[in-house]
Structures are given as C-alpha cells and as structure tokens.
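The values are calculated or read from the model by the stated rules, or taken from the named source; none is laboratory data. Here the structure is a predicted model, which is why all the values come from computation and not from measurement. Here the Cβ is made from the backbone with ideal geometry for all residues, glycine too, and neighbour counts use every protein chain on show. Heavy atoms of the whole protein, side chains included, go into the accessibility calculation; ligands, DNA and RNA do not. Shrake-Rupley method; radii C 1.70, N 1.55, O 1.52, S 1.80 Å.
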Amino acid sequence: LSDIMNKHNKESFLSLDRKSILTEINQSLDSYYNNELGGDYGKTKRFKSAFKNIAETVAEVMLHLQEELSQSDFVPKDFEYSIGTDGNQKPKKITVADGKEIYFIGTIDRIDTYTNGGKTFLRVIDYKSGTKTFSFDDLLYGVNMQMLLYLFTLTDGKGKYGDTVPAGVLYMPAKWTDAGLSRYPDSSEISDAKNKTYKMNGVVLENEEIIEAMEKNVQGIYIPVKKTKEAFAKYSKLITDKQLENLRMYSEELLKSMA
C-alpha cells in the first residue's frame with residue numbers, strides 16, 4: 001500500500017483500473033520477494049501460493065480505497081511516516097518526576113490532510129489485517145492509545161504538521177472476508193459486504209464540515225459516523241476538540257506514571 005500510493009498523487013491513484021492496480025501490486029511484491037525475502041531460496045510451495053494470494057487481497061483493499069477517496073476531500077500526504085531520532089520527525093519528549101526523559105517513537109501507516117478556510121485538518125490511518133474496535137474505555141486505562149499519541153505528536157506545534165488541527169484516528173481493515181454472503185451473491189450484495197468489511201473504525205472530530213469532508217452524505221459507509229435527519233446516530237464515534245485536548249493532557253500524565 002505504501003509503495004504504490006507513494007508513486008501517485010490522489011488524482012493519478014484514482015485513475016488506475018483494476019488491471020493497472022494488479023500490475024503495480026505484483027511488481028511491488030516481486031521486488032519485496034526477491035530483495036527482502038531472498039527469492040525462492042528455502043520457500044515451500046505453500047508459502048509461494050500464500051504470498052501470491054496477497055496480490056488479490058491488496059487489490060480489493062485498493063479498489064475500496066479508491067471508492068473512499070473519490071468521495072472524500074481528505075488527501076493522503078505521507079506513508080510509513082516515522083517518528084524517532086532518525087525518523088521523518090523528532091520524537092515527543094516527556095520528562096518524568098525524577099528528571100528522566102522518555103520518548104514516544106513509532107511509524108504511522110498513512111497521514112491524510114484537508115485544508116479549508118486557512119486551516120489544515122489531519123487524520124492518521126492505520127491498516128489492520130485483524131479486527132480493531134475503538135473504545136474510550138480502553139483509553140482510560142492506557143490501552144490502544146498508540147494512534148492518538150501519533151495524532152498528538154504530529155499536531156503539537158512542532159515538525160512538518162505542527163500547525164494542523166487533529167481531525168481523528170481511523171483503523172482501516174485490510175483483509176477481505178466473504179463471510180455472510182449467500183451461495184450465489186449478486187454484485188450489490190458483494191458490494192455491501194465489502195463496504196462492511198472495509199469500513200473504518202476509530203474516532204473523528206465532532207465537526208460537520210470535517211465529517212462531510214471525510215464522507216459525503218455521512219451514511220456510515222466509510223467512517224464510523226452516520227448522520228440522521230435530527231442528529232448523528234448514537235453509535236457514531238465522535239470527539240470534541242475540548243475532549244481531544246483533555247485526552248492529550250491525560251495521555252501525557254499516563255505515560256509519565258507508566259514510566
């Protein structure tokens with residue numbers, strides 16, 4: 001995903017058809033197989049078959065990603081963005097009670113931005129091959145805070161994205177499953193199943209402009225937010241800017257106590 005999307009801007013990525021996507025995926029996989037995994041040496045037939053099947057999985061993810069980005073105003077800007085002493089951005093430094101310094105480091109799968117009215121909003125995307133459900137209860141106990149800590153580090157006033165406004169964190173499933181489909185599904189049923197499979201989980205800023213920039217009509221097809229006639233659906237995962245700021249301060253104190 002990183003390799004291919006790095007080669008394209010949003011417009012050229014959206015112009016790729018399925019055949020072109022598969023060609024680029026296979027080129028990327030061949031390069032990785034030969035240069036990073038040592039080619040055929042020591043590989044079983046089963047391994048080779050499993051590795052080859054990755055192409056179809058990634059192709060489905062990319063086709064869904066095209067659908068999502070074609071109706072979104074957010075634009076992918078960086079991939080595999082590293083935070084660390086030798087990374088794309090210096091790590092966040094936190095000083096604990098005894099004077100020791102701790103650093104939060106890591107790598108972000110994807111960074112998207114949206115600019116309007118002189119403000120740039122930023123969201124971080126994480127690809128997940130398994131299931132991931134965002135929970136505020138987890139955050140209270142310091143569990144699954146990684147993505148929010150990335151968001152806070154990027155938007156803390158320093159570095160490349162220091163002047164951006166945090167707009168949310170999203171987990172994108174990167175594994176197709178046909179569970180639940182009928183024996184002979186039609187194209188509509190398959191499309192609905194794929195939308196459910198690849199729907200992103202996470203939390204987004206409670207701001208109508210930002211939400212509609214992520215998903216037109218806000219029907220909960222791509223993001224964990226759905227708009228009804230009166231308000232947002234109860235299951236929508238939203239957070240206010242004040243709550244985000246409180247969470248930023250809380251997470252720092254939690255890191256200090258953990259250290």
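Scan segment 9-21 residue by residue and report those that are of a type in the set (A, V, I, L, M, F, W, C) and open to solvent by 40 Å² or more (accessible area, probe 1.4 Å). Listed by number, the list holds a single entry, 14. All conditions in (1) farther than 28 Å from residue 212 by Cβ; (2) open to solvent by 40 Å² or more (accessible area, probe 1.4 Å); (3) in a loop (DSSP other than H, G, I, E, B) hold for residue 39, with the sole exception of (2). On the given criteria, is residue 240 within 25 Å of residue 118 (Cα to Cα) and open to solvent by 30 Å² or more (accessible area, probe 1.4 Å)? Against the criterion (within 25 Å of residue 118 (Cα to Cα) and open to solvent by 30 Å² or more (accessible area, probe 1.4 Å)), residue 240 qualifies. Residue 23 - would you say it is in contact with a strand residue (DSSP E or B) (Cβ under 6 Å, 6 or more places away or on another chain) and either within 30 Å of residue 214 (Cβ to Cβ) or in a helix (DSSP H, G or I) (or both)? Answer is no for this residue. For segment 191-226, the candidate set comprises residues that are within 19 Å of residue 110 (Cβ to Cβ) and not hydrophobic (A, V, I, L, M, F, W, C); within that set, the residue that is modelled with the lowest pLDDT is 197.
Scanning segment 201-259 for residues that are at positive phi and hydrophobic (A, V, I, L, M, F, W, C) yields a single hit, 218. Looking at residue 245, is it out of contact with any Cys (no Cβ under 9 Å at 6 or more places or on another chain), farther than 22 Å from residue 144 by Cα and open to solvent by 60 Å² or more (accessible area, probe 1.4 Å)? Judged against the criteria, residue 245 is not a match. If you go through segment 42-92 and keep only what is under 19 Å from residue 214 (Cβ atoms), in a helix (DSSP H, G or I) and β-branched (Val, Ile, Thr), you end up with just 61.
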